[in-house]
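Participant: I'd like to ask some things about the structure below.
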Amino acid sequence: DAKTTQPPSMDCAEGRAANLPCNHSTISGNEYVYWYRQIHSQGPQYIIHGLKNNETNEMASLIITEDRKSSTLILPHATLRDTAVYYCIVNDQAGTALIFGKGTTLSVSS
Amino acid sequence: GAGVSQTPSNKVTEKGKYVELRCDPISGHTALYWYRQSLGQGPEFLIYFQGTGAADDSGLPNDRFFAVRPEGSVSTLKIQRTERGDSAVYLCASSWLAGAGELFFGEGSRLTVL
């Protein structure tokens, strides 16, 4: 079973920041937080991951709370092409497979 | 190719038939994963390989499902006596090492069992 909780859907206006929350209250000390997204009819795509510190790359920023029980994925300037299902996953990198939940469907509109 | 390649992209079969789905991972990636995805659901883990051996097959739903990776590269997912409930998109992913973060997914093989 997925160890994360995400809202089923969110809306965002094009050009605005999209902030996608994720709760992972039972996360262990050695578990990372991963974010993937899946655009319709495509395979999932890696976005970003982190352990304790906030992370940023060319796609997004990941903000992890100090107690690590929740995180937020930030798309700073959402575009129509960011419409997708976003999955938040926790994993210990010890060889176990990533377990996906149902994710959040983000709809970006003009 | 540069990415994970899956064939066929679409497969329609009749109930009771045998099906093989192929995955060609990114060159040099030692870990290979199979997932399946039903409409409106997230990908469901089936099995993963580290090299030639199945490191975790706990997600295979029953003994009709089997996967191999004999040379540590291409993998084949085999489904015997297909049932209508097997209809789904079967996704393959690879990474340079199991547990090493980023998985690269293929476009999937859509299986329809009539």
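Participant: Return yes or no: is B:P43 closer than 15 Å to B:G108 by Cα and touching a Pro at 6+ places or on another chain (Cβ under 7 Å)? Before you say what the answer is, go through the steps one by one.
Facilitator: Numbers: closer than 15 Å to B:G108 by Cα: yes; touching a Pro at 6+ places or on another chain (Cβ under 7 Å): yes.
So B:P43 fits the description; yes.
Participant: Where residues in the range A:45-94 are open to solvent by less than 10 Å² (accessible area, probe 1.4 Å) and assigned to a loop (DSSP other than H, G, I, E, B), which of them is nearest to the other protein chains (Cβ to nearest Cβ)?
Facilitator: Applying the filter and picking the extreme gives A:A60.
Table: residues versus (1) within 12 Å of chain A (Cβ to nearest Cβ); (2) open to solvent by 30 Å² or more (accessible area, probe 1.4 Å); (3) not in a strand (DSSP E or B).
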residue: B:C23; (1), (2), (3): yes, no, no
residue: B:G28; (1), (2), (3): no, yes, yes
residue: B:Y33; (1), (2), (3): yes, no, no
residue: B:L39; (1), (2), (3): yes, yes, yes
residue: B:G42; (1), (2), (3): yes, no, yes
residue: B:N62; (1), (2), (3): no, yes, yes
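Participant: Test B:G53 against the stated conditions and say whether it is modelled with pLDDT of 95 or more and within 14 Å of chain A (Cβ to nearest Cβ). Before the answer, list the steps.
Facilitator: Values: modelled with pLDDT of 95 or more: no; within 14 Å of chain A (Cβ to nearest Cβ): yes.
Here the answer is no, as B:G53 does not meet what is asked.
Participant: If I filter the range A:95-110 down to residues being touching a residue at least 24 places away in the same chain (Cβ under 8 Å) and within 14 Å of chain B (Cβ to nearest Cβ), which single residue comes out as surrounded by the most Cβ atoms within 10 Å (Cβ to Cβ)?
Facilitator: Applying the first criterion (touching a residue at least 24 places away in the same chain (Cβ under 8 Å)) to the range A:95-110 yields A:98-110.
So of that shortlist, the ones also within 14 Å of chain B (Cβ to nearest Cβ) come out as A:98-105.
Values: A:L98: 23, A:I99: 19, A:F100: 24, A:G101: 18, A:K102: 14, A:G103: 28, A:T104: 21, A:T105: 17.
My answer is A:G103.
Results for (1) in contact with a strand residue (DSSP E or B) (Cβ under 7 Å, 6 or more places away or on another chain); (2) among the acidic types (D, E); (3) more than 19 Å from A:F100 (Cα to Cα), shown as yes or no for each residue.
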| site | (1), (2), (3) |
| --- | --- |
| A:K3 | yes, no, no |
| A:A18 | yes, no, yes |
| A:S25 | no, no, no |
| A:V33 | yes, no, no |
| A:N57 | yes, no, yes |
| A:L62 | yes, no, no |
| A:H77 | no, no, yes |
| A:L80 | yes, no, yes |
| A:Y86 | yes, no, no |
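Participant: Restricting attention to the range A:20-44, which residues are polar (S, T, N, Q) and part of a strand (DSSP E or B)?
Facilitator: Step one: filter the range A:20-44 for residues polar (S, T, N, Q), giving A:23, A:25-26, A:28, A:30, A:38, A:41-42.
Of everything in the range A:20-44, those that are polar (S, T, N, Q) and part of a strand (DSSP E or B) turn out to be A:N23, A:Q38.
The values are calculated or read from the model by the stated rules, or taken from the named source; none is laboratory data. Every value quoted in this text rests on a predicted model; they were computed, and no experiment measured them. Backbone-built Cβ (ideal geometry, glycine too); neighbour counts: all protein chains shown. We work out accessible area using only protein heavy atoms, side chains counted, and drop any ligands, DNA or RNA first. Shrake-Rupley method; radii C 1.70, N 1.55, O 1.52, S 1.80 Å.
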